[in-house]
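J.: Pasting in a structure now, in structure tokens, and then I'll have a few things to ask.
The values are calculated or read from the model by the stated rules, or taken from the named source; none is laboratory data. The shown structure was predicted, so the numbers you read here are calculated from the model rather than taken from an experiment. Cβ coordinates were reconstructed from backbone atoms using ideal geometry, including for glycine residues, and neighbour counts include every protein chain displayed. We work out accessible area using only protein heavy atoms, side chains counted, and drop any ligands, DNA or RNA first. Shrake-Rupley method; radii C 1.70, N 1.55, O 1.52, S 1.80 Å.
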Amino acid sequence: MIENMANIKEQRLLEFILSGQGKFLSSHCEIRKSKGNHLGIYAKQGIVKDTTLLQIPKSTVFSASNSSIANLLQDEEIDGPLALTIAFIYETTVFREHSHWYSYLRTIKFKDENYGYILPPPYWDNEVKKILGGTTMDTLFHCFDIEDDIHLLYEVAEELAYTWHKDFGLAIPEEYFDFNPDNKSVCKDVKHQKFVSVMYVLSSVGFEIDTFHETGLVPIADLFNHNMVNANVDFVSIHDVCAYCGELGMCKHIIAEEAEEARDMDELGAHARNLNATARGDSVIDIKLLEELEEEQFEDENGSQDSSDDEDEYDEITGKKKVDPEECVDVVTTQDIKTDQEIFISSEEIPNPLLLLKYGYTLLENPFDISHMANEVDSMNKEKTHKDRLEWWTRIGLKYFSDWYRKMRMTEETESDFEDASENEEQEEGPENDENTAEQYMFEPYLTATGEPSFILLAILNLLTMTATEWKKFMDRIQKESTLERCFLRLEASVIHSNPAKKLLQRLITCKIKSLPDSNLFDSLDISEDVRRNIKVFLSSEKEILKRALKLL
């Protein structure tokens, strides 16, 4: 059945991309069953490095910016995952066969093998969430908390549907929204879940296209399965384009912006203009040149009697205008690939719980996975000596140590990476926009994928295993700035060189292992195979991390 589905899907997708002048190297690749109930891309014969397997014009990519309701979304200033979700809903339920993308979009599935909606962890069965309580999914990433943002986004989309229906006569997508806004029935809950499912699935298959399209859906590219270790292709796209029209290079928007900037600079006077241009490393803008460019742009848009189309820009066979490779997205091999080898695309470098929460999948051998140890550390509160020290750590110690670590240990490049990651997540809409930034879990006690304790866990272990005399000296020195570094260097010491700290870590790990549920518990539950597989991968990965940690001691 899966193989038959692969053949049908491949035929539909090939027809669609060919109609949009896309190219797929079907002589070397094929779509077929991968692990589980998923499709994947496999090599039919050996493929050398730097081979373009897929090339799709950006005009064929589906995004909110080139959808049938692009202007409506722009007028309402809706962008990001919400815009893509709303655009998808209208193309597939309102415009349907009249939509250029319908034949492609209908191949994207939102139901599992049991015909239930594919939903993020917050919408899983309560019994499943209860069993997984206390795991890293729960304690660090709060994967089971339903975010208010999800409900808010649904309400925004629903309100827009009513508004567009009233103002423009646009049909309401009744599969997702109810004609009666006050309806609180079960039917409305189902529609809400379908909306969440669409947003969730699109986040897993979307690609970052450029500053105009933002996230878009790319036919066939969304069938490459992800892998952090064995990825052998890259997704390639020129990102820096005009955010208003998607043009690469000079366009009327850039001309207008530069002309306005030039006028503003003229008002400041020649001296101020030259100083400003010198400081920015720019040349002084030639107003005459800008006027000529504006005139050329006008002629290009409206047609010029003195110009004729270059015959080289058109394909002799199809008669269609040739595609500019720079206006395409490509999937290109990064290494040689053998016959029958599955072709993987790279994945975001984050732990499995976040991959599951944001994109709906987990990865075996994830080198960025972690095991959160906060619950185990908190259990040390029962012992008086530990309780006093943990209270100090929670109250002010963590802040002192984190500030010192930022200043002394984080390079400018590392700090910049964390700031960029935080800014990007703050700008995103949807269920993934929460407090789960890399920086925030960096300052948590956890074990890395290799089993090594994070620097915060190291600090806690060293703090808790100080003798009474060492603790008193530590607290005396912490008050003096001159001895602060010596104190924190003491907290950084490896547990390998401290028997008490090593024994305490062994104790915490053993406690964690005992607390993890048996993956067989999920075999009898009424859940989809995808959810079951992801849970088992997650639990297996966490247990392997703990085993590695014990071997290191």
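J.: All but one of (1) open to solvent by 40 Å² or more (accessible area, probe 1.4 Å); (2) farther than 30 Å from His38 by Cβ; (3) of a type in the set (A, V, I, L, M) hold for Leu521, so report the exception by its number.
T.: Only one criterion is unmet by Leu521, namely (2).
J.: Residue by residue through region 123-158, note down the ones that are surrounded by fewer than 19 Cβ atoms within 10 Å (Cβ to Cβ), of a type outside the set (A, V, I, L, M), in contact with a Pro (Cβ under 7 Å, 6 or more places away or on another chain) and over 28 Å from Leu72 (Cα atoms).
T.: The one that is surrounded by fewer than 19 Cβ atoms within 10 Å (Cβ to Cβ), of a type outside the set (A, V, I, L, M), in contact with a Pro (Cβ under 7 Å, 6 or more places away or on another chain) and over 28 Å from Leu72 (Cα atoms): Asp145.
J.: Do we find a residue being modelled with pLDDT under 90 and not aromatic (Phe, Trp, Tyr) anywhere in region 123-141?
T.: no
J.: Picking from Lys473, Lys512, Lys543, Lys536, which residue would you name as being open to solvent by 70 Å² or more (accessible area, probe 1.4 Å) and either under 35 Å from the mean Cα position of the chain (by Cα) or of a type in the set (Lys, Arg) (or both)?
T.: Exactly one residue qualifies, and that residue is Lys473.
J.: Filter region 335-356 down to residues that are open to solvent by less than 50 Å² (accessible area, probe 1.4 Å) and β-branched (Val, Ile, Thr) and give me whichever is nearest to Phe368 (Cα to Cα).
T.: Going through the qualifying residues, I end up with Ile350.
J.: Looking at region 438-445, can you tell me whether even one residue there is under 30 Å from Ala468 (Cβ atoms), surrounded by 14 or more Cβ atoms within 10 Å (Cβ to Cβ) and either within 17 Å of the chain's Cα centre (by Cα) or modelled with pLDDT of 90 or more (or both)? It would help to see each step written out before you state the result.
T.: Here is the first cut: in region 438-445, the ones under 30 Å from Ala468 (Cβ atoms) are 443-445.
The next check asks that each one be surrounded by 14 or more Cβ atoms within 10 Å (Cβ to Cβ); those that pass are 443-445.
Next, only the ones that are either within 17 Å of the chain's Cα centre (by Cα) or modelled with pLDDT of 90 or more (or both) stay: 444-445.
Within region 438-445 (the criterion being under 30 Å from Ala468 (Cβ atoms), surrounded by 14 or more Cβ atoms within 10 Å (Cβ to Cβ) and either within 17 Å of the chain's Cα centre (by Cα) or modelled with pLDDT of 90 or more (or both)), the answer is yes, since at least one residue qualifies.
J.: Residue check, Val190 against (1) open to solvent by 30 Å² or more (accessible area, probe 1.4 Å); (2) within 30 Å of Tyr446 (Cβ to Cβ), all met but one. Which one?
T.: Of the numbered conditions (1) open to solvent by 30 Å² or more (accessible area, probe 1.4 Å); (2) within 30 Å of Tyr446 (Cβ to Cβ), the odd one out for Val190 is (2).
J.: Out of Glu365, Glu419, which single residue is modelled with pLDDT under 85 and either outside any loop (DSSP other than H, G, I, E, B) or not polar (S, T, N, Q) (or both)?
T.: Exactly one of Glu365, Glu419 is modelled with pLDDT under 85 and either outside any loop (DSSP other than H, G, I, E, B) or not polar (S, T, N, Q) (or both), namely Glu419.
J.: Being touching a residue at least 24 places away in the same chain (Cβ under 8 Å), outside any loop (DSSP other than H, G, I, E, B) and either buried (at least 16 other Cβ atoms within 10 Å of the Cβ) or among the β-branched types (Val, Ile, Thr) (or both): is that true of Ile31 here?
T.: In short, yes.
J.: Going by what's in this entry, would Ala549 be described as among the aliphatic types (A, V, I, L, M), in contact (Cβ under 8 Å) with a residue 12 or more places away in the chain and over 26 Å from Leu132 (Cβ atoms)? First the steps, then the outcome.
T.: Working: among the aliphatic types (A, V, I, L, M): yes; in contact (Cβ under 8 Å) with a residue 12 or more places away in the chain: yes; over 26 Å from Leu132 (Cβ atoms): no.
Spelling it out, it is not the case that Ala549 is among the aliphatic types (A, V, I, L, M), in contact (Cβ under 8 Å) with a residue 12 or more places away in the chain and over 26 Å from Leu132 (Cβ atoms).
J.: I'd like to know if region 6-16 contains one or more residues that are modelled with pLDDT of 90 or more, of a type in the set (S, T, N, Q), under 18 Å from Val218 (Cα atoms) and open to solvent by 40 Å² or more (accessible area, probe 1.4 Å).
T.: no
J.: OK, next. Residue under question is Phe235, and the condition is that it be open to solvent by 20 Å² or more (accessible area, probe 1.4 Å) and under 30 Å from Leu356 (Cβ atoms); does it hold?
T.: yes
J.: Okay, moving on. Cβ-Cβ distance below 9 Å, separation of 6 or more or different chains: which pairs start in region 146-161 with a residue that is free of Cβ contacts under 8 Å to residues at least 60 places away in the same chain and of a type in the set (Ser, Thr, Tyr) and end on one that is open to solvent by less than 80 Å² (accessible area, probe 1.4 Å) and not in a helix (DSSP H, G or I)?
T.: Matching pairs, first to second residue: Tyr154/Tyr176; Tyr154/Phe177.
J.: Between Asp306, Asp324, Asp315, which is open to solvent by 80 Å² or more (accessible area, probe 1.4 Å) and at pLDDT below 90?
T.: When all the criteria are applied, what remains is Asp306.
J.: Residue by residue through region 222-245, note down the ones that are of a type outside the set (Ser, Thr, Tyr) and farther than 30 Å from Lys109 by Cβ.
T.: Narrowing region 222-245 to residues of a type outside the set (Ser, Thr, Tyr): 222-236, 238-243, 245.
Within region 222-245, Ile238, Asp240, Val241, Cys242, Ala243, Cys245 qualify.
J.: Right, something else. Return the pair list, or none, for Cβ contacts closer than 6 Å from residues in region 344-366 that are within 15 Å of Leu132 (Cβ to Cβ) to residues that are β-branched (Val, Ile, Thr), at least 6 apart or on different chains.
T.: Partner pairs satisfying both residue conditions: Pro351/Ile370; Asn352/Thr362; Pro353/Thr136; Leu356/Thr362; Thr362/Val537.
J.: Does at least one position in region 402-414 carry a residue that is buried (at least 20 other Cβ atoms within 10 Å of the Cβ) and not in a loop (DSSP other than H, G, I, E, B)?
T.: No, every residue in region 402-414 fails to be buried (at least 20 other Cβ atoms within 10 Å of the Cβ) and not in a loop (DSSP other than H, G, I, E, B).
J.: Among the residues of region 100-123, which ones are touching a Phe, Trp or Tyr at 6+ places or on another chain (Cβ under 7 Å) and under 22 Å from Ile146 (Cβ atoms)?
T.: Phe110, Lys111, Tyr117, Ile118, Leu119, Pro120, Pro121, Pro122
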